[in-house]
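Note sheet for the following structure.
Just so you know, all these numbers are worked out from the coordinates, no wet-lab data involved. Note that this is a predicted model, so its numbers are computed, not measured. Cβ: placed from backbone, ideal geometry, glycine included. Neighbour counts: every protein chain shown.
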């Protein structure tokens, strides 16, 4: 059973991290002094590449309206916007007839596709998905599949579910490329083959995959791919939905307004008659985020030029370093669906015996200047499956913080997530491991309390 791509065996001899914004930022520590900030929350938002920021700054003086002006700056902005679309299509290995629609994020992209589903469409999604993939299907008949424990089981589970449906009706499978909780790679190519063999289509949530591995729509044979710019080392506010055009052309515009319409006329009865564009503009109403699109394209170019072989090799080097260090701390349990040997990207979640995860993450930040994520990571069903009904994440035994807020009657099931990428230096991983060992051995050096459902240091 193959996954998206195989990881290289070792890191290259010379492979420095890519320059990112914030690499020189220092933050105050509650214990006194300052520390250089170790950003280890890439899975939520990766820092912008310096190259991307420089490209945006160089363009900013030439900013103009897109598709609507005869002036030089408007023409320049329109050209950059459309060339950004071409760059993204190349980065994703799109087929000649595919469309690239600029959105706000992965969530926005999947909601757009949800509004373009043909009538009677059935949607199949694993319970392991991010909420962006679990929730946007209000008008469809949704089947949520149980969490698989191996890549092969994922394919077999999908095949059984698809075999039980009406083979003549439309169907869509939505699956992640890399888990935002465990970092594990999913068998996208095999899932796509299973979907197509049963007459279904498939959309790939590449929010966590695209920043770490090459993604090819054609090679993976998926129908659509969605990702976010802010996870791909670009600033916030832009995302992509790329893939087949037919469902998008047939659907009413995601947003109605200027730019999406080709022609508007008043009818004799006082109403309005509209002819919508059939291009990607159909779902890009309003003035587009040209800077966001240009930033995404710049990130695509930067990652391509850096070389994914080199980037993947270095990330795997950091991942081995991280996992080896955590394995030396018996109180730490790393979460996994497919097992320790499963290929994964630089995303890892864990619980610590005797610790509430919010308290542990707060201590990492306040006492060491290390930024991680704690909670359920917008993947509540997956975390509950991984942690189990009887396996809490600790009860705050190390410092008085209560459990984060949960639904009434529900036990607190939360974890800590550490994630990294192309801009992470070795030193950040080493500092993190040192902090984990010290916290587990000695406890927190500061006093913490619960405020608004979160653990915070007492000032």
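Observations
- Ordering of 67-75, 179-187, 340-348 by packing is 179-187, 340-348, 67-75, highest average first (other Cβ atoms within 10 Å, averaged per residue).
- Calculated SAXS-style log₁₀ I(q)/I(0) at q = 0.07, 0.10, 0.11 Å⁻¹ - the chain, Debye, Cα scatterers: -0.38, -0.77, -0.92
- Restricting attention to the chain, close to 65% of DSSP beta bridges with both partner residues there are antiparallel.
- Ordering of 35-47, 264-276 by burial proxy (mean other Cβ atoms within 10 Å per residue, highest first): 35-47, 264-276
- Each of the peptides 170-178, 450-458 was scored by the mean count of other Cβ atoms within 10 Å over its residues; in descending order, highest first, they stand as 170-178, 450-458.
- Descending principal axes extents, region 32-93, alpha-carbon based, whole Å: 57, 31, 17
- Here, region 51-305 has an Rg and a Dmax of 18.9, 62 Å when only alpha carbons are counted.
- Computed per residue of the chain from DSSP H runs no shorter than four, each worth -39500 (n - 2.57), the mean residue ellipticity at 222 nm is -10000 deg cm²/dmol.
- Counting DSSP beta bridges with both ends in region 51-305, the antiparallel % (nearest 5): 50
- Contact order relative to length of the chain, as percent, for alpha carbon pairs under 8 angstrom and 6 or more apart: 22
- Relative contact order, whole percent, for region 312-388 stands at 26, derived from Cα pairs under 8 Å and 6 or more residues apart.
- Percent antiparallel among DSSP beta bridges (both partners in region 14-150, rounded to 5): 45
- Crossing angle, helix 290-306 versus the chain [Cα axis fit, 0-90 degrees, rounded to tens]: 60
- Between helix 426-442 and the chain there is an angle of about 50 degrees, using the helix long axis and the longest principal axis of the Cα atoms.
- C-alpha long axis of helix 151-163 to longest principal axis of the chain, angle in °: 40
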